Amino acid sequence: MSAPIIDRLALIGVGLIGGSIARAAREYGAVRTIVATAHSEKTRRRVVELGIADRVVETNAEAVHDADLVIVCIPVGASGPVTAEIASALKGGAILSDVGSVKTQVLRDMAPHVPGGVHLIPAHPVAGTENSGPDSGFAELFVNRWCILTPPEGADAAAVAKLKEFWATLGANVEVMSAAHHDMVLAITSHLPHLIAYTIVGTAEEFSQVSRSEVLKFSAGGFRDFTRIAASDPTMWRDVFLHNRDAVLEMLGRFNEDVAALAKAIRWGDGDALFELFTRTRAIRRGILDIGQDSAVPDFGRPHPALEALPRPYAADGD
Ligand code: NAP
C-alpha cells in the first residue's frame, strides 16, 4: 500500500461516485483524512452511519476548509454554484477537481469562481453503475477503469501529476485530454447509448399492442440490457444532456443518418449491407474484450491489483 498522497480530502457529494472515492481512498491508503458533505441531512446522516468519512459536516464551505484536494461529486448542473459557494474557503495551493460526465461546460462554470493559487483540474472517472446514493458506492469501482483529466491550458504540472497519482492509487488508468475532446468521445461512447436506452424503454412503455407484462417476460431478447442503462439517475442524466448539448446533437445526427440507411437496407432486402455492418460491429465487441474492458466478472467486488495480483481483464462500463 502506498503512502498517502493527499493529507486532507474533501468530498462534496457522497453518492455512487463520492461514496466510492471515500471507500477507495481509505482502503488503498490514498489520503490521511476524509471530510465529506452532501446536500441533504438524510444523506449526511447515512454517511456518518456508514463510517466512510472521518468527518461529515453540514456545509460545502466547511468541508473544504484546509483541504488539499477537493472533489466535487454532484450533478454537473450544480458545479458552478457550488464552486462559487466554496471559493473563499479554499486553501491556497489546494487542488479543486470534480467527477462530472461533461467537461467543457463544467470547466466554464467552475473556472470563473476559482481563486488564484488554487489549481482547478477537472476529472471524469469513466466508471459507474445505474445506482445512486451513498450505499451504492464501493471501493473497487475505479479498478482498471479510465479516469480522464482535462486540465485547462497552463494548469500546474505538479498538481496534475498529484491528481494522476491519486486516481492511479484508486486503481484507475489515467489519461489526459482536452475538455472538448473528452466531450466528443463521451458523447458517442456513453451519452448517445444512454439516450438510445432511454428512448427504447420509453417506446416500449408506450407501445400498447404489447402488454407491459410481455415486455418484462421476454426482456432477455436485448431489452433487458437497455432497461439497466435506462434506470440511471434522472437528475444526473438530465444535466449531462443539457451540458453536452452540441456534441450529443452531433452524434445523434450521425446516428439518425445511419439508422435511416439501415432501414433502407431492410426495406430493400439488402442482406449484404446488414451482414457487412453486423460483422464490423462484432469485431468492435471482440476488440473491447481483447483490451480487457469487459468481462463476466461483476463490477462489485473486483479486487484492486495492488492488493491481489490477479490477472486482468476486469470490466469497464461507465458513464
Ligand atoms: P448520486 O449518487 O446521485 O450522488 C450525488 C450526490 O451529490 C449526493 O450525495 C447529493 O446529496 C449531492 N449533491 C447534490 N447537489 C449538491 C449540492 N448542491 N451540494 C452538495 N452536495 C450535493 O450521483 P453520482 O452518480 O455519484 O454522480 C455524481 C457525479 O458523478 C455527476 O456529475 C455525474 O455526472 C458523475 N459521474 C457519474 C457516474 C455514474 O455512473 N453514476 C459515472 C461517472 C461520473 P443528497 O443525497 O443529499 O441529495
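Read-outs: derived from the displayed coordinates by stated rules, not from any lab. Keep in mind that this is a model prediction, so the values were computed, not measured. Glycine gets a Cβ as well: all are built from the backbone with ideal geometry, and neighbour counts include every protein chain shown.
Our summary gives the chain a relative contact order of 18 percent, counting only alpha carbon pairs under 8 angstrom and 6 or more residues apart. Of 132, 208, 190, the residue with the greatest mean-square motion in the GNM of the chain, using alpha carbon springs below 10 Å, is 208.
When the Gaussian network model of the chain links Cα atoms closer than 10 Å, the mean-square fluctuations of 115, 75, 134 top out at 115. The mean of 1/r over all pairs of different alpha-carbon atoms in the chain, once inverted, gives a Kirkwood hydrodynamic radius of 20.9 Å. Estimated purely from DSSP H runs of n ≥ 4, each contributing -39500 (n - 2.57), the mean residue ellipticity at 222 nm for the chain is -14000 deg cm²/dmol once divided by its residues. Convex hull volume of the C-alpha atoms in the range 144-227, normalised per residue: 113 Å³.
As a proxy for reagent exposure, ranking 164, 217 by other Cβ atoms within 10 Å from fewest up yields 217, 164. In the range 1-154, the alpha-carbon atoms span a convex hull of 107 Å³ per residue. Bridging of residue 162 to lysines at a Cα separation below 29 Å is possible for 91, 103, once same-chain residues fewer than 8 apart are set aside.
Within the range 184-270, the ratio Rg/Rh, alpha carbon atoms throughout and Rh by Kirkwood, equals 1.02.
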